[in-house]
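These notes concern the structure reproduced below.
The values are calculated or read from the model by the stated rules, or taken from the named source; none is laboratory data. Just so it is clear, the structure is predicted and the values come from calculations on it, not from any experiment. All Cβ positions, even for glycine, are placed from backbone atoms using ideal geometry, and neighbour counts span all protein chains on display. Keep in mind that these areas ignore ligands, DNA and RNA; they rest on the heavy atoms of the full protein, side chains included. Shrake-Rupley method; radii C 1.70, N 1.55, O 1.52, S 1.80 Å.
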Amino acid sequence: MADKSDHAAKIGECQHTSYHLPQWDENGKCSWVDIQRQHKSLNAEAKCIVPPTKVIPIIFIPGVMGTNLKSSVGEDSWKAESIKGADTLWFVPKDGHERRKTLNPDTTTVENRKTSISSRVHSLFPDNGNLLPTRQERHWGEALYLSYGKFLEFFQYALLDDWQTDVYRMYSDAKLKQFKRSGVLANLVNRKLGDTHDSPLTDPELTHFKRFLFSVHVFGYNWLKDNVISAEELTKYIDDVLDIYKNKHGYGLAVEKVILVTHSMGGLVARYAMTPPEGG
């Protein structure tokens, strides 16, 4: 006998709903590849959870001596990748003449070293070159690992974590699973940080923040050269970064600006690039 109770499904009513997490290809395009066909009698719905697609690049500029350099005359590179900088000890016994020969602005260039890039990933969606360009393509290998390797690793994680946490919570709720963890920045809402007069982060500000993909890039520069030269190179690098998201990776939805985060002399390079003196 057919069930004609109030609990019986009505004609045209959806009887099967599935939720699907986003996945990215090597060009940064998002898709939902795990959707399966259902019998038409189920009138099924597939709900694709959409991540942010508009990119705001963040460019980190290291301080003095904070960029890896390579010599073109056979000298050792300027790098620090070993524990406590053990791989810099070769420089200690050199006299002034030898040091000037090694650190010669005319024979050194910035080096994007793969071994200076942290391979650890903390985000829920892996930072593996699909969601964002690879870390080497974002020039992480130009930053001195001893000074900035761990910082870049956690900085990128904090910028991605909140919207990723929301996506996983939505997916888990649909699967009747518990996902209790809050995003990194969600834990800072309405909390004063330190002894400052800055206003705390608000819920509306965090909601706006989660609408964007913040991709961390590094601008390494030859700190042996004049900051004027580095500033000129920075302005070109900004254009190159924006071009990546306009024409090469993602959906061409790069915001027409970048955010500069600097340390020490990197701030002077950025200031000069933004406000060069008249006639400069």
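Work from the charge dipole of the chain (Cβ charges, +1 for Lys and Arg, -1 for Asp and Glu, about the Cα centre) and give the residue of 262, 213, 49 farthest towards its positive end. It is 49, whose Cα lies furthest towards the positive end.
What does the helix-only formula give at 222 nm for the chain: each DSSP H stretch with n ≥ 4 adding -39500 (n - 2.57), the total divided by the residues, and the result rounded to the nearest 500 deg cm²/dmol? One gets -8000 deg cm²/dmol as the mean residue ellipticity at 222 nm.
Counting only residues at least eight positions apart within a chain, or on another chain, the lysines with an alpha carbon under 30 Å from that of residue 192 are 54, 150, 180, 210, 257.
Dipole of the range 145-280 computed with +1 at Lys/Arg Cβ and -1 at Asp/Glu Cβ about the Cα centre; of 251, 167, 185, farthest Cα towards the positive end is 167. Averaged per residue, the chain has 59 square angstrom of accessible surface, using a 1.4 angstrom probe with ligands and nucleic acids left out. Between the labelled values (1) 19.3; (2) 19.8; (3) 22.1, the entry that holds Kirkwood radius over Cα pairs in Å as derived from this structure is (3). Charges were assigned to the Cβ only: +1 to each Lys and Arg, -1 to each Asp and Glu. The resulting dipole of the range 77-121 about its Cα centre is roughly 140 debye.
Taking amide H positions as modeled 1.01 Å from N, with prolines and chain starts lacking one, the residues under 5 Å from residue 216 and 5 or more places away or on another chain are 58. Roughly how far apart, in whole Å, are the Cα centres of the range 196-211 and the range 64-136? That distance is 35 Å. The charge dipole of the chain, taken about its Cα centre with unit charges on the Cβ atoms of Lys, Arg (+1), Asp and Glu (-1) only, comes to about 680 debye. As a rough guide to protection, the peptides 137-147, 265-275 ranked by mean Cβ packing within 10 Å, highest first, stand as 137-147, 265-275.
Taking a ≥ b ≥ c as the square roots of the Cα gyration tensor eigenvalues, with a/c under 1.5 meaning rounded and otherwise prolate when a/b beats b/c, else oblate, which class fits the range 128-211?
Numbers: a/c = 2.37, a/b = 1.18, b/c = 2.00.
Oblate is the answer for the range 128-211, as a/c is 1.5 or above yet b/c matches or exceeds a/b.
Please report the antiparallel percentage of the DSSP beta bridges confined to the range 13-162, to the nearest 5. Around 65 percent antiparallel, to the nearest 5.
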